[in-house]
Amino acid sequence: MDPGATDASRRVGRGRAVELLLLLAVTAAEVGDEEGALAAFGRLERLDGHIADPYLESAARLKVSWIWPIVDDFDRAVEAA
C-alpha cells in the first residue's frame, strides 16, 4: 500500500477491489466455476466489516449467501442473506 495514500484514497481503492471481487464471484458462480467462486468468496469474507460503502457491504453479503450452498452450508447461506 502506498505510504503517502490518504485514508479516502484507500477507501476508494478498497471499494474498487470489492467491486472486482463481486464481479468475479458472480461470474464464476454463473458459469459453474465453483473453484473460482470459492476463491472470490474467501477474499470477500476477509473484507467483512472493512467495507465503508453500505451498498457494497450489502452486495458482498448477498453474494456470500449465494456461495455458501456450494460448500453445503445452507444455514450460513440463510444467515448471510
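Close amide H contacts of ASP33 (hydrogens built in the peptide plane, cut-off under 5 Å, sequence separation of 5 or more or a different chain): none are found.
Taking only the C-alpha atoms of region 7-80, Rg followed by Dmax gives 12.1, 38 Å. With K and R counted +1 and D and E -1, the other residues having a Cβ less than 10 Å from that of ALA37 yield a net charge of -3. For region 7-80, the dipole from Cβ point charges (+1 on Lys and Arg, -1 on Asp and Glu) about the Cα centre works out to 460 debye, to the nearest 20. Projecting label points 7 angstrom from Cα along Cα→Cβ for GLU19 and ARG76 puts them 2.9 nm apart.
Every number in this text was worked out from the coordinates using simple rules, so none of it is lab data. None of the values given here were measured: they were computed from a predicted structure. Please note: Cβ atoms are built from the backbone with ideal geometry, for glycine as well, and neighbour counts cover all protein chains shown.
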